[in-house]
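Below is one structure, written out as structure tokens; comments come after it.
Taken together, the values in this text are just the output of simple stated rules run on the coordinates, not laboratory data. Bear in mind the structure is a predicted one, so any value in this text is a computation, not a measurement. Using ideal geometry, Cβ is built from the backbone for each residue, glycine included, and neighbour counts are taken over all protein chains shown.
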Amino acid sequence: MNKLRRILGILWIVIGLAGGYYLIINQAIPKFYSDKSEDLIPAIIYAFILTPIIVGGLLIFGKYALQGEYDQ
């Protein structure tokens, strides 16, 4: 079971990196370069609020799973 937790830790890290890539590349950047003025606020929210929270949480969770913090 501990081996499965470590493998899932790698999965959480990959999901975190993929989520960060998606939020920045597919959500934030197109809204920054949009001609509509109402797209600026969601772009700022995606880039500076949601991305660090989501990516940071998943990366930390994956790191702890790899280190064996959940082995009990």
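Remark: C-alpha extents of segment 2-67 on the principal axes read 50, 15, 9 Å, sorted largest to smallest.
Can you tell which of Leu11, Tyr33, Ile44 lies farthest toward the positive end of the dipole of segment 2-67, using +1 and -1 charges on the Cβ of basic and acidic side chains (Lys, Arg; Asp, Glu)? With unit charges placed on the Cβ atoms, the residue in question is Leu11. Dividing the helix sum by the residues of the chain, where each DSSP H run of 4 or more adds -39500 (n - 2.57), gives a mean residue ellipticity at 222 nm of -20000 deg cm²/dmol. Among Val55, Val14, the ranking by other beta carbons within 10 Å of each residue's beta carbon, starting with the fewest, stands as Val14, Val55. For the chain, applying the loop criterion from DSSP together with a ceiling of 10 other beta carbons within 10 Å to the chymotrypsin sites (Phe, Trp or Tyr not before Pro) yields Tyr33. Counting only Cβ charges, +1 for Lys and Arg and -1 for Asp and Glu, the dipole size of the chain around its Cα centre is about 320 debye.
Counted by neighbouring Cβ atoms within 10 Å, the residues Asp39, Asp71 run from fewest to most as Asp71, Asp39.
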